[in-house]
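Following: one structure in structure tokens, then a few remarks.
The values are calculated or read from the model by the stated rules, or taken from the named source; none is laboratory data. Keep in mind it's a predicted model, so treat the numbers as computed, not measured. Note that each Cβ is placed from the backbone with ideal geometry, even for glycine, and that neighbours are counted across all protein chains shown. Areas reflect the complete protein model, heavy atoms only, side chains present, ligands, DNA and RNA absent. Shrake-Rupley method; radii C 1.70, N 1.55, O 1.52, S 1.80 Å.
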Amino acid sequence: MKQLDNITITKIKKEFLSEFAKVSTLEQIEELRLKYFGRKGIIKSLFKQLSDLPLEKRKFLGEQLNTISKELSSMIEEKRTQLNLQVQQQTDIKLTKLYRSLPGVSFLCGNLHPLQKVLNEIIYVFVSLGYKVEYGPEIESEDYNFTKLNIPEDHPARDMQDTLYLELPSERNNKMLLRTHTSPVQIRVLLANKPPIKIIAPGRVYRHDNVDASHLFNFHQVEGLVVDKGIKLSDLKGTLNYFIKSIFGSETVARFRQSYFPFTEPSLEVDIKCISCKGSGCALCKNSGYLEVLGCGMVHPEVLNNVGYGYEEYTGFAFGLGVERIAMLKYGITDMRLFFSNDLRFLKQF
Ligand code: DAH
């Protein structure tokens, strides 16, 4: 074997440099490292050859070999770091692209119950018209729930079939019950205030009903009452027209239809053109083209009389609406039970 000399070392360095220049991947740099610095690598074998040389030459070439070895191995390490960085950057770019095309991480975010949302909207409409919000108790006396509202003793609504009576000690034969409507708040407000009166009363009401798609034994109403000098039917119509347009949209057409309630005279019901078929007739409106929204009327003189108001002096109007009903009409919900089923698939839509 040819003795190790200067020329061999320079030649090997040259070869290394030309191979190094072609390296472009981490695999290739590792291959190169093994080729030169592996256990059986070129540089190792050069070092081995040193021992066969005379001392002087060994010293000289040994130093040279050391320098080159350090130089080349640090080139390899530098290249490796650089290639690592490149790979990292490419992966980052790939990941960024991947994340961009993925759906975003959605956070579970609470929202108001649809009934609360609709109730808030209803309250907002009336408060912006200057109405005060009043609340009454859910446990009510038969006197306020029925008698003072001019609902006669033998009225079917008073029947045990419709009303949930409570076994509470009654004062002067005044039975206690779970209020069947928010109308008794009218009596409470009239007794506690002087006109002008302009209130709404939202709240929970109870009925002895079998639950189905349009009946619950426990639901929500909003009562309205305006009493002052010179209140007319046109005030009622103007107010409720405004209310209907605010809740269902400015293009909604309301219709006032004659009806009967013991505590109003005249009594009316308000319908809107069916939101589903726009009046042409469909299953939702039972082919009538209209949907019932609420009851209303001019406060019955007997009601004013029952709370000590002179009905020659004061007149008023009242209305009562079902919050579930308004929400069902507004969102096209066909089963009232959904509001209380606690089904997130339903609730998340609002
Ligand atoms: N209290 C009635 C009910 O529960 C609704 C109602 C109708 C209230 C007409 C009113 C009204 O104030 O004027 O069915």
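Looking at the range 147-161, is at least one residue without any contact (Cβ under 8 Å) to a residue 40 or more places away in the chain, part of a loop (DSSP other than H, G, I, E, B), in the same structural domain as ILE200 (by TED's automatic domain parsing) and open to solvent by less than 60 Å² (accessible area, probe 1.4 Å)?
Looking through the range 147-161, none of the residues is without any contact (Cβ under 8 Å) to a residue 40 or more places away in the chain, part of a loop (DSSP other than H, G, I, E, B), in the same structural domain as ILE200 (by TED's automatic domain parsing) and open to solvent by less than 60 Å² (accessible area, probe 1.4 Å).
Looking at the range 271-298, which of the residues that are out of contact with any Asp or Glu (no Cβ under 8 Å at 6 or more places or on another chain) and not in a loop (DSSP other than H, G, I, E, B) is farthest from the ligand (Cβ to nearest atom)?
Out of the qualifying residues, it is LYS273.
Taking the condition surrounded by fewer than 12 Cβ atoms within 10 Å (Cβ to Cβ) and in contact (Cβ under 8 Å) with a residue 24 or more places away in the chain, does GLY136 pass? Can you show your working first?
Values: surrounded by fewer than 12 Cβ atoms within 10 Å (Cβ to Cβ): no; in contact (Cβ under 8 Å) with a residue 24 or more places away in the chain: yes.
So GLY136 fails the test.
In this structure, is GLY104 outside the structural domain of LEU26 (by TED's automatic domain parsing), at positive phi and exposed (fewer than 13 other Cβ atoms within 10 Å of the Cβ)? Please lay out each step first, then the result.
Details: outside the structural domain of LEU26 (by TED's automatic domain parsing): yes; at positive phi: no; exposed (fewer than 13 other Cβ atoms within 10 Å of the Cβ): yes.
The answer is no for GLY104.
As an exercise: evaluate PHE263 against (1) surrounded by 17 or more Cβ atoms within 10 Å (Cβ to Cβ); (2) among the aromatic types (Phe, Trp, Tyr); (3) in contact with a Pro (Cβ under 9 Å, 6 or more places away or on another chain); (4) within 23 Å of PHE146 (Cβ to Cβ) and give the number of the one condition it does not meet.
(3)
Would you please name the residue that is least open to solvent (accessible area, probe 1.4 Å), looking only at residues in the range 179-196 that are outside any helix (DSSP H, G or I) and more than 13 Å from the ligand (Cβ to nearest atom)?
Keep residues of the range 179-196 that are outside any helix (DSSP H, G or I), which gives 179-183, 193-196.
Still in the list and also more than 13 Å from the ligand (Cβ to nearest atom): 193-196.
Details: ASN193: 60, LYS194: 166, PRO195: 28, PRO196: 99 Å².
Looking at the filtered set, the residue picked out is PRO195.
Just give me the residues in the range 227-246 being more than 13 Å from TYR314 (Cα to Cα) and either crowded, with 17+ Cβ neighbours inside 10 Å or not assigned by TED's automatic domain parsing to the domain that holds LYS273 (or both), in sequence order.
LEU236, THR239, LEU240, PHE243, ILE244, SER246
Would you mention how many residues in the range 197-208 are open to solvent by less than 70 Å² (accessible area, probe 1.4 Å) and out of contact with any Leu (no Cβ under 7 Å at 6 or more places or on another chain)? It would help to see each step written out before you state the result.
In the first step, residues of the range 197-208 are kept if they are open to solvent by less than 70 Å² (accessible area, probe 1.4 Å); the result is 197, 199-203, 205-206.
Filter again for out of contact with any Leu (no Cβ under 7 Å at 6 or more places or on another chain), leaving 200-201, 203, 205.
Of the residues in that region, 4 qualify.
Just checking, does the range 203-222 include any residue being more than 16 Å from the ligand (Cβ to nearest atom), at pLDDT below 95 and over 30 Å from the mean Cα position of the chain (by Cα)? Before the answer, list the steps.
Going residue by residue through the range 203-222, those that are more than 16 Å from the ligand (Cβ to nearest atom) are 210-213.
Next cut, at pLDDT below 95 only: 210-213.
Those left that are additionally over 30 Å from the mean Cα position of the chain (by Cα): 210.
Scanning the range 203-222, I find at least one residue that is more than 16 Å from the ligand (Cβ to nearest atom), at pLDDT below 95 and over 30 Å from the mean Cα position of the chain (by Cα), so the answer is yes.
What number goes with the only condition from (1) more than 16 Å from the ligand (Cβ to nearest atom); (2) surrounded by 15 or more Cβ atoms within 10 Å (Cβ to Cβ) that GLY316 does not pass?
Condition not satisfied by GLY316: (1).
Is it true that some residue in the range 233-247 is in a loop (DSSP other than H, G, I, E, B) and more than 10 Å from the ligand (Cβ to nearest atom)?
No, that holds for no residue.
With respect to ALA283, is the statement that it is open to solvent by less than 50 Å² (accessible area, probe 1.4 Å) and aliphatic (A, V, I, L, M) true? Full working, then the answer.
On the way: open to solvent by less than 50 Å² (accessible area, probe 1.4 Å): no; aliphatic (A, V, I, L, M): yes.
Spelling it out, it is not the case that ALA283 is open to solvent by less than 50 Å² (accessible area, probe 1.4 Å) and aliphatic (A, V, I, L, M).
Does PHE256 fit the bill of being within 15 Å of the ligand (Cβ to nearest atom), open to solvent by 10 Å² or more (accessible area, probe 1.4 Å) and without any contact (Cβ under 8 Å) to a residue 40 or more places away in the chain? Break it down stepwise before answering.
Values: within 15 Å of the ligand (Cβ to nearest atom): yes; open to solvent by 10 Å² or more (accessible area, probe 1.4 Å): yes; without any contact (Cβ under 8 Å) to a residue 40 or more places away in the chain: yes.
The answer is yes for PHE256.
May I ask you to say which residue of GLU63, GLU78 is in a helix (DSSP H, G or I) and either open to solvent by less than 80 Å² (accessible area, probe 1.4 Å) or more than 20 Å from LYS2 (Cα to Cα) (or both)?
Working: GLU63 fails: either open to solvent by less than 80 Å² (accessible area, probe 1.4 Å) or more than 20 Å from LYS2 (Cα to Cα) (or both).
From the options GLU63, GLU78, the qualifying one is GLU78.
Out of all the residues in the range 309-324, which are at pLDDT 95 or above and not aromatic (Phe, Trp, Tyr)?
Step one: of the range 309-324, the residues at pLDDT 95 or above are 314-324.
Once the filter is applied, which keeps residues that are at pLDDT 95 or above and not aromatic (Phe, Trp, Tyr), the range 309-324 yields THR315, GLY316, ALA318, GLY320, LEU321, GLY322, VAL323, GLU324.
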